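**Student:** The structure follows.
The values are calculated or read from the model by the stated rules, or taken from the named source; none is laboratory data. This structure is a prediction, so every number in the text was calculated from the model and none was measured. Ideal geometry is used to build each Cβ from the backbone, glycine not excepted, and the neighbour counts take in all protein chains shown.
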Amino acid sequence: MRFKLSLGIIIGSIAAIIAIFFAALVAIIDYRVTTKLDGVLWTVPAKLYSRPMELAESIEINRNNLIRELEMLSYKEVLQPERSGQFSLSKDSLKIYLRGYKDQRPGIFNIAFRESEVKSIKNQLGLSEDLIKLEPIVIGGMYPAHMEDRVLLDWPEVPQILIETILAVEDQNFFNHYGISLRSISRAFLTNIKAGEVEQGGSTITQQLAKSLFFTSEQTIRRKVMEAIASLLIEFHYSKEEILLAYINDVFLAQSGRRAIHGFGMGAQHFFGTSIKNLDKDQIALLVGMLKGPSLYNPRRNPQNATKRRNLVLSILNKSQKLSDTEFEQLKIKELGTAPPNYRTETKYPAFHDLVRIELQENFNEKDLRTKGLAIETNVDPILQASLEDSIVKTKKQLIEKYGTKLNELEGAAIAVDISNGEVKAVVGSSSPSSYGFNRSINAIRPIGSLVKPFIYLTALDQYDQYNLTTILDDSKLSVPSGGVIWEPDNFDKKFHGNIPLHVALWQSYNIASARLGLDIGFEAVASMFSKLGIKKQFQNYPSLFIGSFELSPYQAIQAYQTIAADGFYTPLRSIREIKDVKGEIEFSYPYSIEQRIRPEPVALIKFAMQQTFERGTARGYSSKDIQSWNAGGKTGTSDDQRDSWFVGFAGETLVLVWLGFDDNRQTPLTGRTGAFQVWKNFIDDIKPVSKQKTVLPRINYVWTDMNDGLLSGKKCKNSLLVPFIEGTEPNITPNVRRKCSNRNENPSEGLLDKLKEAFEGGQD
């Protein structure tokens, strides 16, 4: 009796332990299920918008770009606007019926132009308006739970044929079971035996979802038991529609590089370049068929397998009377119809999205991003973005035509920034701009070549008691101990150029003169300038730094050039303007900040030298009139063995940096001029920058000097150039050989020198 009692206690204890363990296991799985699926099912994805275009009296605007944006917003040109979304255009005016946005009321507005300037804005009552806004363009959404871009479908967006196909192939009894189904397993087994191949799966859709979200693919009893528990819990907590929607948004369809393609929405974009609602039945059948083997049935890699699998799915639809016999016969002979990998998706500008993601992560926790349905107004300019993308693609095509198919794998990156406020207007991270994956604008850390030289020269010019634009530099052979070896830099043309003025050495991009200058001013001074420019990176004290061995990403490099283009004022680059919640309340605004880090006078001198890059140096090709009107300046860059082609240039209010090269770092046939500069040129030629007001600094004087010796010269003298100097640093010697042609003694009060100064100030900003 006592034995029986003890045995009962032991069995009861074991049973209790098992029950407690099982209850704990169920509780853990339940927590994982609700935590994970709440994010999948009820996340309201953050929506991304472009900046709204603002029009105000007296602003400069490219009218062609304005019309292009109206077309992107689906405004329709008519003879007389009578409803919202319409406009009419004449030679000097635009009449538009605005839809309304935020504080911008809808209605008819008349915009008059004076050349490239907005002359006036009046409402339909004839009253002047200070400002009007066009609504922003939706540029996509984000899936904050995973911090990645997704095409997340809501139930009304799911085509009925997709639902019918999924159920016919994967789980015909879906609406009648509670997560697991012995009937489904048995039916699938018999169907597959009869067909001699796998037509149907035995796992329910709920089981497949549980496996995808919570478990590995290991075939063990333990995993199967946990999967069954999870499936039952999913069915307990969520409706059939919610489960099916989660499944539709979560299924794995392909691997594209580092990027996993999840969900039918993204699958439609990836394989067909369009939204799921635009797919035909055969295309739906292909995507559903791929669930059994995403790699095996990938239409790009295995088109024969994919065709066979698609037709099998079509036959299932035909047998279940979702397809007529006629449709089935027509569809099974169709080509797969996949789009090439490089397409424009609904989610536009993936490289720009990466910047947005970084800024979001700095200011929001994951819970907020997952639950608040944020409306994110970005700084992207759709016109500039489209033009920059097209310029990359166009230039690559031109280069392949010129240099051959060895450039088929050429990659690129480009960034456009508003000089006045640091707003990032456009980003391209690949030579296939609409594709996802490695974003070279942010993540490609490459030697910047001669793009480093303006930083070195600016360091010297900031010491204007010792250096000015006509300071003579030595461009003869240089030998310097470095890292246990003798370092001997070469110029690109393999020549020495002797003694030359500082500004000539810069716009001709001479390596040896630049290296000597860097060694003279010292690493410490250069490091200090890097910091002022916004470069947050340490470097080793090797002399090769001074001619471009320094590595930066395009994004890091353009931040430094933003400070130069903005006259020495540092402004952190930003991709976001403000963020609102679902109620329209501002959650976060990204304030404009500015800090003067470098005196404007030395910056004016370096910008003059960068202007000469266009006038006389490595980026020739524009008229002086355009260069001066845009206040343009630039710099080419080529790394060792021509592995990297760089160009940075500012024109009007826009600063653009471009990089071209191979991901594997092999040599290209390109220099900064023949490669990256061509992208910049195609972009500028397309957008046609508006003129920019000239910045006049009272301490800057312009003096005619000789481009060979840097001494005083005159307008009529050969090789003369009107050069800016900080007051008190001007040369005071005129060689005897130039006394006859020199205008040195011309009376400035007569106004001639002032006129000449004004003419050449076009390169300043």
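**Student:** From the residues in segment 453-510 that are in contact with a helix residue (DSSP H, G or I) (Cβ under 6 Å, 6 or more places away or on another chain) and of a type in the set (G, A, S), which one is modelled with the lowest pLDDT?
**Tutor:** S482
**Student:** Right, next: Restricting to segment 267-290, name every residue that is modelled with pLDDT of 90 or more and in contact with a strand residue (DSSP E or B) (Cβ under 7 Å, 6 or more places away or on another chain).
**Tutor:** Within segment 267-290, L287, M290 qualify.
**Student:** When you check I400 against the structure, is it in the same structural domain as S528 (by TED's automatic domain parsing) and buried (at least 24 other Cβ atoms within 10 Å of the Cβ), yes or no?
**Tutor:** Spelling it out, it is not the case that I400 is in the same structural domain as S528 (by TED's automatic domain parsing) and buried (at least 24 other Cβ atoms within 10 Å of the Cβ).
**Student:** Among the residues of segment 546-566, is there at least one that is more than 30 Å from N511 (Cα to Cα) and not in a loop (DSSP other than H, G, I, E, B)? Walk me through how you get there before you give the answer.
**Tutor:** First, pick out the residues of segment 546-566 that are more than 30 Å from N511 (Cα to Cα): none.
The answer is no; no qualifying residue exists.
**Student:** (1) within 41 Å of the chain's Cα centre (by Cα); (2) at pLDDT 90 or above; (3) not acidic (D, E): which one isn't true of C717, the others all being true?
**Tutor:** So the condition that C717 fails would be (1).
**Student:** Check off (1) surrounded by fewer than 20 Cβ atoms within 10 Å (Cβ to Cβ); (2) not in a helix (DSSP H, G or I) for S509 and give me the number that stays unchecked.
**Tutor:** Of (1) surrounded by fewer than 20 Cβ atoms within 10 Å (Cβ to Cβ); (2) not in a helix (DSSP H, G or I), only one is false for S509: (1).
**Student:** Counting residues that are basic (K, R) and surrounded by 21 or more Cβ atoms within 10 Å (Cβ to Cβ), which helices (runs of 4 or more DSSP H) fully inside segment 592-695 reach at least 1? Before the answer, list the steps.
**Tutor:** On the way: elements: 600-615, 624-630, 676-687.
Fully inside segment 592-695 and qualifying: 600-615.
**Student:** Can you confirm whether R183 is modelled with pLDDT under 85 and closer than 23 Å to L323 by Cβ?
**Tutor:** No; evaluated as a whole, the condition is false for this residue.
**Student:** Can D520 be described as surrounded by fewer than 22 Cβ atoms within 10 Å (Cβ to Cβ), modelled with pLDDT of 95 or more, closer than 15 Å to K453 by Cβ and assigned by TED's automatic domain parsing to the domain that holds N443?
**Tutor:** Details: surrounded by fewer than 22 Cβ atoms within 10 Å (Cβ to Cβ): yes; modelled with pLDDT of 95 or more: yes; closer than 15 Å to K453 by Cβ: yes; assigned by TED's automatic domain parsing to the domain that holds N443: yes.
Here the answer is yes, as D520 does meet what is asked.
**Student:** Please indicate, with yes or no, whether at least one residue in segment 368-379 is basic (K, R), within 12 Å of the chain's Cα centre (by Cα) and crowded, with 19+ Cβ neighbours inside 10 Å.
**Tutor:** no
**Student:** Let me spell it out: the conditions are (1) within 22 Å of A560 (Cβ to Cβ); (2) without any contact (Cβ under 8 Å) to a residue 24 or more places away in the chain, and H497 meets all of them except one. Which number is the exception?
**Tutor:** (1)
**Student:** Do any residues in segment 308-333 that are free of Cβ contacts under 8 Å to residues at least 40 places away in the same chain have Cβ atoms under 6 Å from those of residues that are outside any helix (DSSP H, G or I), where the two are at least six apart or on different chains, and which pairs are they?
**Tutor:** Hits for this filter: R309/Y297; N311/K332; L314/K332.
**Student:** A further question on this structure: Name every residue in segment 735-765 that is buried (at least 17 other Cβ atoms within 10 Å of the Cβ) and either at pLDDT 90 or above or small (G, A, S) (or both), in order of residue number.
**Tutor:** Selection gives S742, G762, G763.
**Student:** Here's another thing I want to ask about it. How about segment 117-145: which of its residues are of a type in the set (S, T, Y) and modelled with pLDDT under 85? Please lay out each step first, then the result.
**Tutor:** Step one: filter segment 117-145 for residues of a type in the set (S, T, Y), giving 120, 128, 143.
Scanning segment 117-145 gives a single hit, Y143.
**Student:** Considering only segment 394-432, state which residues are at negative phi and assigned to a loop (DSSP other than H, G, I, E, B). Walk me through how you get there before you give the answer.
**Tutor:** Let us first name the residues in segment 394-432 that are at negative phi, namely 394-403, 405-421, 423-432.
Correct list: N408, E409, L410, I419, S420, N421, G429, S430, S431, S432.
**Student:** Pairs needed: first member in segment 385-398, touching a residue at least 60 places away in the same chain (Cβ under 8 Å) and more than 15 Å from S441 (Cβ to Cβ); second member anywhere, small (G, A, S) and in a helix (DSSP H, G or I); C-beta distance under 9 Å; at least 6 residues apart or different chains.
**Tutor:** Note: pairs meeting the criteria are T395/A676.
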